[in-house]
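The block underneath contains the structure these notes are about, expressed in structure tokens.
Derivation of every value follows stated rules applied to the coordinates shown; laboratory data play no part. This one's a predicted model, so the numbers in the text were calculated from it and none came from an experiment. All Cβ positions, even for glycine, are placed from backbone atoms using ideal geometry, and neighbour counts span all protein chains on display.
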Amino acid sequence: MRLFFSPNQLLHQPTQYLVHGRIVSPLENANRGETLIKALGGLGLDAEEPGDAGLDAIAAVHASHYLDFLASAHERFQALPNGGPEVLPNVHPYASHASGFSARGAPRTNGILGQAGWYIGDMSCAMTAQTFAAAYASAQSAIAAADAVLSGAASSFALCRPPGHHAYVDRASGFCFLNNAAIAAERLRSRFGRVAILDFDTHHGDGTQAIFYARGDVFFGSTHTDPANYYPHFAGYAEERGIGDGEGCNLNLPLAPGSDDAAFVEAVRTLAEAADRFDAEAIVLSAGWDAHRDDPLSKLAVTTDAFARIGTVLGALGRPTVIVQEGGYSLAAVAEAAPQFVGAFSAAHRLRD
């Protein structure tokens with residue numbers, strides 16, 4: 001397995017995150033990347049710095065006007081009278097947030113305050129002067145990992161930080177600015193006719209779902225905490241099955257708070273079986289370690305052992321696979337869960353080969 005990571009991914013270091021009405025230090029921080037590099041290094045994986053493949057692969061997923069916003073937002077925000085150190089929205093438009101929500105077009109307003117509310121979905125995406133550079137580098141890791149598989153590697157790991165699965169075509173949310181899993185999947189589509197994205201983060205990958213919700217060539221399956229009283233709240237329900245050409249190509253398996261290893265592993269097994277029935281030729285795994293019971297955001301009772309077990313399940317699919325890092329905010333849990341998963345995945349994948 002090849003591992004990709006750019007030091008530029010550490011440049012995004014915001015100081016503000018709104019939780020339950022309080023501004024706190026962000027849980028998504030640079031320490032996550034450093035912890036994963038060390039933990040995966042214990043398996044003999046040495047991180048390769050991705051090259052710069054440019055914006056084309058990113059623009060194949062994200063709207064150009066959104067990318068323009070990300071590149072210019074901080075500088076424009078600093079020009080405001082008494083502008084704060086980081087871009088944060090304070091107004092949002094009314095919009096139906098159906099599960100098929102995708103690109104909305106450019107906003108009518110040209111002011112930075114209105115555009116911040118249009119393009120940033122919540123208060124977890126504070127933008128610094130280096131945020132776009134870090135998100136761009138994170139996407140380049142996903143592109144490099146996809147290209148490695150396209151070049152014949154059986155599997156690769158994109159250590160993406162900032163993460164990506166809450167990012168829509170034209171909206172940042174949930175610590176995410178560019179949807180790395182979607183970018184990798186779209187890249188894989190240049191060779192593979194059918195690609196499956198399987199997401200096992202404690203949060204539903206609402207951005208990824210929306211991007212592919214009307215498409216029949218990319219299957220999206222997710223297991224996550226029931227969003228009825230949990231982020232992202234407005235998507236991730238079992239009845240969301242896709243629309244148009246994508247009807248039946250979307251599968252959500254929400255888990256009740258307190259669900260244990262058995263429920264988590266069985267849900268991932270169901271996702272793997274669905275990808276098999278879809279005849280996926282390649283797999284993208286949105287890998288979140290925040291289902292772990294020790295994660296500060298988790299409402300599940302999942303232990304480290306479960307990540308080894310799902311690694312075996314997903315490795316046994318035997319498809320060319322790109323693993324894309326998503327959530328995981330307890331450094332101790334991440335340091336345990338990620339190598340357990342990768343080790344078990346690699347062993348099962350080799351046996352299948």
Considering only the stretch 11-48, state which residues are within 27 Å of residue 123 (Cα to Cα), assigned to a loop (DSSP other than H, G, I, E, B) and without any contact (Cβ under 8 Å) to a residue 60 or more places away in the chain. 20, 21, 25, 29
Checked pairs for the stretch 106-117, first in contact (Cβ under 8 Å) with a residue 40 or more places away in the chain, second among the aliphatic types (A, V, I, L, M) and crowded, with 18+ Cβ neighbours inside 10 Å, C-beta under 8 Å and 6 or more apart or across chains, list as 106/63; 115/73; 116/73; 116/87; 116/88
Scanning the stretch 56-69 for residues that are touching a helix residue (DSSP H, G or I) at 6+ places or on another chain (Cβ under 9 Å) and without any contact (Cβ under 8 Å) to a residue 40 or more places away in the chain, which turns out nearest to residue 171 (Cα to Cα)? 67
Output for Cβ contacts, cut-off 7 Å, separation at least six or different chains, first residue closer than 16 Å to residue 10 by Cβ in the stretch 132-148, second of a type in the set (D, E, K, R), reads 138/161; 140/52
Residue ranges of helices (runs of 4 or more DSSP H) in the stretch 49-150 with at least 1 members surrounded by fewer than 14 Cβ atoms within 10 Å (Cβ to Cβ), over 20 Å from the mean Cα position of the chain (by Cα) and among the polar types (S, T, N, Q): 64-78
